[in-house]
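Novice: Questions regarding the structure given below will be posed in turn.
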Amino acid sequence: MKLASLKHGRDGRLVVVSDDLAWCAAPPPMWPTLQAALDDWAHAEPILRGVAESLAHDAVPHARFHERDAAAPLPRAYQWADGSAYVNHVELVRRARGAELPASFWTDPLMYQGGSDGFLPPRDPIPFHDPAWGLDLEAEIVVVTGDVPQGATREEALAAIRLIGLVNDVSLRGLIPDELAKGFGFVQSKPASALSPVFVTPDALGDRWQDGRLHGVLHVDLNGQPFGRAESHSDMTFDFGTLIAHLAKTRSLVAGSIIGSGTVSTRDADGGPGRPCAAGGRGYSCIAEVRMVETIASGAPATPWLAPGDVVRIEMLDERHHSIFGAIEQMVRAG
C-alpha cells in the first residue's frame, strides 16, 4: 500500500496512491491526514488497504496523482531522528580531517534529533541564502513508526515500522563544525528536509524489504547527470530495527516518528572509498562525501556545494524501472 498527502493546510490531505503512482483515492473522512491514520492504525490500516484494493480495480472514485501536488507525506511530525547507519560515510568524514574512527562507532549508532515541525514537499525548491553556509544534499532512507515502548527490542522495533520512504536531508556544511564544537549537536546547520511524494508499507516492497534494510539502488542525479547509484542495503552497518531500539532505550516513541538512515554510503567494488558514476563507480549520496574523497586523493576538494539553479533528484526504481516512492526533485533557489 502506498500513501501520500496532497497539499492542504498544514498537515495535508491523506490519499491512497496506486502502485504505479498514477491515481489516488481519498480514504474515509475519519482519517483526513496521515498522522490521524497512524494514531488509529489498527482500525485505519485494513480500511486503507480496502481503498487500495478498490483503486487497483477501478472500483472507487479516483483522480490523477501528480507528484507536484504532493506535500510531504507527514508535513510535520512529532519526531525526526536521523541516524548514521552507513559507517563508511562517517569514516570518510574523519579520514578527510585526519581523525581516527573510534571502534565504538561500529557497534553503537550515531543519532541526532532533527527539526520535525516542517518538511518540504518533494518538488519545492531548496532555499539558498549564503554560499559560505555550504549547501548540500543528503539522500537517505526513512521509516515511520507506530507507538514504540521504551526499551523495545530490535524485533519489537521492526514490528513497529509502518511506512518506508526517502528523504533529502538538507545540510549546511559550513555551519556544522562550529556547532559540533559546542558539544550540543545540529541546529542551524540542519534546515528543513524534503520527503518523497509517497510512503510505502513494508509488505508492498516484497523482497526489497529484508531484516530492516531496504534493498535497491538509490538514484541521485545532479543537474540531470548521475551523481549517486549506491545500493541501499550494502554497507548498512545498522538496520532500522537497531536504530529504533537505540532511540527507544530511554524513552517511548509515538506513532508518526520518522527515523532516518543517514547518508546512504557504500564502498567501491574494490573496497576503496568510492568513485564517481562517470568513472564507473557507485557515486555518492551527498556532495560532502565526494569532497572527502577528493581531499584524501589530492589534498583539497574540487566539487562545489549546491548553488542557485542546481537541480537535485532522488528516487528508487523497481525492476520495471518504475519509481517506487516517487521522486524528490528540487531546484536550489535563492531565498
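Novice: What's log10 of I(q)/I(0) for the stretch 50-121 at q = 0.14, 0.22, 0.24 Å⁻¹, Debye sum over Cα points only, no solvent?
Specialist: -0.73, -0.98, -1.03
Novice: In the P(r) worked out for the chain, what percent of Cα pairs fall beyond 27 Å?
Specialist: Result for the distance tail: 41 percent.
Novice: Oh, and also: Gain in length, Leu101 to Gln150, computed as 0.36 nm per residue apart minus the alpha-carbon separation, to one decimal in nm?
Specialist: 14.7 nm
Novice: Moving on to the next point. Output wanted: per-residue J couplings in Hz (rounded whole) for the stretch 36-44, from phi through Karplus 6.51 cos²θ - 1.76 cosθ + 1.60, θ = phi - 60°, x for Gly and Pro.
Specialist: So the Karplus estimates, Gly and Pro as x, are 4, 5, 5, 5, 10, 4, 4, 8, 6 Hz.
Novice: With a 1.4 Å probe and all protein chains kept in place, how much accessible area does Lys7 have, in Å² rounded to the nearest 10?
Specialist: 100
Novice: Using only protein heavy atoms and a 1.4 Å probe, report how much of Tyr78 is accessible, in Å² to the nearest 10.
Specialist: Taking all protein chains as shown, Tyr78 has close to 150 Å².
Novice: Hand me the GluC sites (Glu not before Pro) from the stretch 73-156 located in a DSSP loop with no more than 16 other Cβ atoms within 10 Å, in residue order please.
Specialist: Passing sites in the stretch 73-156 are Glu100.
Novice: Of Gly326, Pro304, Pro276, which is farthest along the charge dipole of the stretch 271-335 in the positive direction, counting Lys and Arg as +1 and Asp and Glu as -1 at C-beta?
Specialist: Toward the positive end, the furthest listed residue is Pro304.
Novice: Do any GluC sites (Glu not before Pro) in the stretch 243-324 lie in a DSSP loop with no more than 14 other beta carbon atoms within 10 Å, and if so, which?
Specialist: Answer in residue order: Glu319.
Novice: Any idea what the dipole of the chain comes to, in debye rounded to 20, about its Cα centre with Lys/Arg Cβ at +1 and Asp/Glu Cβ at -1?
Specialist: 560
Novice: What number comes out for accessible area per residue over the stretch 236-328 if the probe is 1.4 Å? Units Å², please.
Specialist: Per residue, the stretch 236-328 has an accessible area of 37 Å².
Novice: Mind ranking Glu329, Glu67, Glu53 by accessible surface for me, highest first, 1.4 Å probe?
Specialist: Of Glu329, Glu67, Glu53, the descending order of accessible area is Glu53, Glu329, Glu67.
Novice: What whole-number volume per residue, in cubic angstrom, does the convex hull of the C-alpha atoms of the stretch 181-335 give?
Specialist: It is 172 Å³ per residue.
Novice: Cross-link partners among lysines for Lys182, C-alpha distance below 24 Å, same-chain residues fewer than 8 apart left out?
Specialist: In chain and number order, the partners are Lys190.
Novice: While we're here: The stretch 142-227: which trypsin sites (Lys or Arg not before Pro) are DSSP loop and have at most 12 other beta-carbon atoms within 10 angstrom?
Specialist: Sparse-neighbourhood loop trypsin sites (Lys or Arg not before Pro): Lys182.
Novice: Can I ask one more? Which far-off residues, 5 or more places away or on another chain, put their amide H under 5 Å from the one on Gly118, with H placed in the peptide plane?
Specialist: Amide H to amide H, under 5 Å and 5 or more residues apart or across chains, Gly118 pairs with Ala77.
Novice: Lys and Arg at +1, Asp and Glu at -1: add these up for the other residues within a Cβ distance under 11 Å of Leu158 and post the number.
Specialist: Summing Lys and Arg as +1 and Asp and Glu as -1 gives -2.
The values are calculated or read from the model by the stated rules, or taken from the named source; none is laboratory data. These figures come from a predicted structure and were not determined experimentally. So basically every Cβ, Gly included, is an ideal-geometry build from the backbone, and we count neighbours across all protein chains shown. Accessible surface is based on the protein model in full, side chains and every heavy atom, while ligands, DNA and RNA are left aside. Shrake-Rupley method; radii C 1.70, N 1.55, O 1.52, S 1.80 Å.
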